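Below is one structure, written out as structure tokens; the observations come after it.
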Amino acid sequence: MIWCVEDDVSIRDIELYALKSVGLEARGFANGEDFWQAAKNQRPDLIVLDIMLPGVGGIELLDGIRNTASLKDVPVIMATAKDTEFDKVQSLELGADYYITKPFGVMEFVSIVKAVLRRSGKVETKNISIGDLHINCVEHTVSIGNKKIELTYKEFEMLKLFALHPKVAFSRERLMKEVWGTDFYGETRTVDMHIKTLRQKLKDYGALIKTVRNIGYRLEGFDD
């Protein structure tokens, strides 16, 4: 569960929509008071915290989080429209795990949240179904109907990435970065080879992985 503490309702709605669209549970709060009330009964997996909040400010709220036994190890991403070095340094010194400056892109926001979740050891529990194609992100398995499909680790990660971001075109370079890692240096044709085998293994569902000319690939639905 991701908690977004943001007093601007339009920004908060965007954050919640972005997180839920990739299968993450999310809950929004307009101020620190509502946050603390909810924290009495529930513990989030990650907190996205705006610095400029009414009443209890984000820095004060962060300090409180780090001094509360039940919350002190919860990852926190600070989000603010201010881009001053002081705010950034103060947030990080108080124990923030990351700092993002508004305005930020939706994809950037989701990628940062997922990266911080990975670093903190949290597991994405979303299971995805496209017709009879089922992707279990916990067990790391794929099946069509009741038949299990054997995929390599890289094939599974590519399919999961596509399924979490339907209709989003991924360049070969970005797929290399997301699936192989930033430290991997190789030819982008490696991606093409893995896409080819992934399509074959998915049989009819392989046709949903479309080639985007001069860019890369994306996952489309039956009705596209």
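The values are calculated or read from the model by the stated rules, or taken from the named source; none is laboratory data. Small disclaimer: the values here were computed from a predicted structure and weren't measured. Ideal geometry is used to build each Cβ from the backbone, glycine not excepted, and the neighbour counts take in all protein chains shown. Surface areas here come from the heavy atoms of the whole protein model, side chains and all, with no ligands, DNA or RNA. Shrake-Rupley method; radii C 1.70, N 1.55, O 1.52, S 1.80 Å.
Scanning the stretch 156-175 for residues that are part of a helix (DSSP H, G or I) and either among the hydrophobic types (A, V, I, L, M, F, W, C) or on the phi > 0 side of the Ramachandran plot (or both) returns Phe156, Met158, Leu159, Leu161, Phe162, Ala163, Leu164, Leu175.
So for the stretch 42-64 (the condition being without any contact (Cβ under 8 Å) to a residue 24 or more places away in the chain and not in a loop (DSSP other than H, G, I, E, B)), does at least one residue qualify? No, there is no match, as no residue in the stretch 42-64 is without any contact (Cβ under 8 Å) to a residue 24 or more places away in the chain and not in a loop (DSSP other than H, G, I, E, B).
Conditions (1) open to solvent by less than 10 Å² (accessible area, probe 1.4 Å); (2) within 26 Å of Leu164 (Cβ to Cβ); (3) in contact with a Gly (Cβ under 8 Å, 6 or more places away or on another chain), marked per residue:
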{"site": "Arg27", "(1), (2), (3)": "no, yes, no"}
{"site": "Asp34", "(1), (2), (3)": "no, no, no"}
{"site": "Lys40", "(1), (2), (3)": "no, no, no"}
{"site": "Leu62", "(1), (2), (3)": "yes, no, yes"}
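Scanning the stretch 106-155 for residues that are assigned to a loop (DSSP other than H, G, I, E, B), modelled with pLDDT of 85 or more and either under 30 Å from Ala81 (Cβ atoms) or of a type in the set (Gly, Ala, Ser) (or both) gives Gly131, Gly145. Here is the figure for the stretch 1-18: residues that are at pLDDT below 90 and buried (at least 19 other Cβ atoms within 10 Å of the Cβ) total 1. Pull up the stretch 172-211, narrow it to residues that are modelled with pLDDT of 95 or more and β-branched (Val, Ile, Thr), then point me to the one that is surrounded by the fewest Cβ atoms within 10 Å (Cβ to Cβ). Step by step, filter the stretch 172-211, then rank; the result is Thr211. Any chance the stretch 66-80 includes a residue that's among the β-branched types (Val, Ile, Thr), in a loop (DSSP other than H, G, I, E, B) and surrounded by fewer than 21 Cβ atoms within 10 Å (Cβ to Cβ)? Checked the stretch 66-80: at least one residue is among the β-branched types (Val, Ile, Thr), in a loop (DSSP other than H, G, I, E, B) and surrounded by fewer than 21 Cβ atoms within 10 Å (Cβ to Cβ).
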